[in-house]
Amino acid sequence: MADIPLSVRGLDKHFGGLAAVQNVDLDLRPGVTTALVGPNGAGKTTVFNLITGNIPADAGDVLLDGASVRGLQPYQIARRGVARSFQDLRLFGRMSVRDNVLAALEPAPWLWQPGGGGARRARAKAVETALERTGLTAQADARAMDLAYAERKFLSLARILATGARIWLLDEPASGLDPNSRARFVALVRQAVSEGVTICLIEHNLDIVTELADRIAFLDRGAKLAEGEPQEILGDPQLISIYFGEPR
Ligand SMILES: Nc1ncnc2c1ncn2[C@@H]1O[C@H](COP(=O)(O)OP(=O)(O)OP(=O)(O)O)[C@@H](O)[C@H]1O
Ligand SMILES: [Mg+2]
């Protein structure tokens, strides 16, 4: 288990009478991109919220390199190298693009602390590199709220990139992107994977899932119904009819 960067064991979450996540197991292995696929309300985002500590689980556990994160706060889990994007982006609209990325990082040390100046320079460099890789350098001083939709999606990725996190949880990162931005997004994710990032992706666009995912975990009504290679899952008529909401 220690060689699996992130594993989820028997996760359960109820909201009142609704079983949002039921006994879900998931392993994110190094260099393997996993897609969480399932109809609206299947529990995909809730699985991310449980992994990142944004909401407490009723039962089950999340292990990072084999060690339980039980009782840790979201910022402590982030510090262990897990970064996420949100379906609704959650940017600071009135802040500049650059400051949005900076805000995703650990607070800067004071200049007079040992190594403080170097750490500040490293942070600034990480921000500029993330802006470059997401194509946002020219908009660094613009307010986030003034960006086009696709640019805001890339800003949420820049915030993840800059942290240097080794595990990325991306919640519908490509929804609403035009074909050109989508291709840039795919290239950006592939580069991250080639650099050793382990990715879990929630995505409704099955073309993107096919392009990026090595594995698919299929969720419905909170339960993982199946897991396997993309062609296996997407070629299963029963799962596809559940996905497209055909009468059962
Ligand atoms: N904080 C909450 N309080 C109450 N119910 C919630 C809460 N969060 C999620 N739910 C419910 O839990 C179920 C799973 O929601 P979740 O957002 O995880 O689904 P999803 O698979 O991400 O769906 P989508 O594809 O539409 O984003 C839904 O029925 C949702 O309404
Ligand atoms: Mg969701």
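If you take the charge dipole of the chain about its Cα centre, with +1 on Lys and Arg Cβ and -1 on Asp and Glu Cβ, which of Ile242, Met145, Val69 is farthest toward its positive end?
It is Met145.
Please list Met95, Met1 in order of solvent-accessible area, largest first, computed with a 1.4 Å probe with all protein chains present.
Met1, Met95
For region 98-164, what is the relative contact order in percent, using Cα pairs closer than 8 Å and at least 6 residues apart in sequence? Intermediate results must be reported in sequence, preceding the final value.
Details: 60 pairs, mean separation 29.1, N = 67.
Over region 98-164, the number comes to 43 percent.
Counting only heavy atoms of protein chains, what accessible area per residue, in Å², does the chain have with a probe of 1.4 Å?
Averaged over the residues of the chain, the accessible area is 48 Å².
Cross-link candidates for Lys13: which aspartates and glutamates have Cα within less than 12 Å, leaving aside residues fewer than 8 places away along the same chain?
Asp58, Asp61
How large are Rg and Dmax for region 98-164 when calculated on the C-alpha trace, in angstrom?
Considering region 98-164 through its Cα atoms, Rg and Dmax are 12.5, 41 Å.
Take the Cα atoms of region 135-220, build their convex hull, and give its volume per residue in Å³. Each step should come with its number before you reach the end.
Values: hull volume 9.3 nm³, N = 86.
Residue-normalised Cα hull volume stands at 108 Å³.
In a GNM of the chain with a 10 Å cut-off on Cα contacts, which of Thr52, Thr33, Thr210 has the highest mean-square fluctuation?
With Cα springs under 10 Å in the chain, the top fluctuation among Thr52, Thr33, Thr210 is at Thr210.
May I ask you to work out the translational diffusion coefficient for region 1-96 at 37 °C, viscosity 0.692 mPa s, via Stokes-Einstein with Rh from the Kirkwood sum over Cα pairs, reported in whole µm²/s? It would help to have the intermediate numbers written out before the result.
Working: Rh = 14.3 Å.
This corresponds to a translational diffusion coefficient of 230 µm²/s.
By a straight-distance test (C-alpha under 24 Å), which lysines pair with Lys153 as possible cross-link partners, with residues fewer than eight away in the same chain excluded?
Partners within reach: Lys44, Lys125.
Please check: in the Gaussian network model of the chain (C-alpha springs, under 10 Å), which one of Phe154, Phe86, Phe48 has the largest mean-square fluctuation.
Looking only at Phe154, Phe86, Phe48, the largest GNM fluctuation is found for Phe86.
What is the spin-label model distance, in nm, from Asp178 to Trp110 if the labels are put 7 Å beyond Cα along the C-beta direction?
4.9
Determine which residues of region 210-235 fall in the zone a paramagnetic label at Val32 would reach in this model, i.e. backbone nitrogen under 18 Å from the point 7 Å along Cα→Cβ.
So the set is 210-219, 224-234.
So if the hydrodynamic radius of region 125-173 is defined as the Kirkwood radius over C-alpha pairs, what does Stokes-Einstein give as its diffusion coefficient at 37 °C and 0.692 mPa s, in µm² per second? Numbers along the way, then the final one.
Values: Rh = 11.1 Å.
D = 296 µm²/s.
The values are calculated or read from the model by the stated rules, or taken from the named source; none is laboratory data. These numbers were taken from a predicted model, which means no experiment stands behind them. When we count neighbours, we look across all protein chains shown, and the Cβ atoms used for this are built from the backbone with ideal geometry, even at glycine. Ligands, DNA and RNA are stripped out before the accessible areas are found, and what is left, the full protein with its side chains, is counted by its heavy atoms. Shrake-Rupley method; radii C 1.70, N 1.55, O 1.52, S 1.80 Å.
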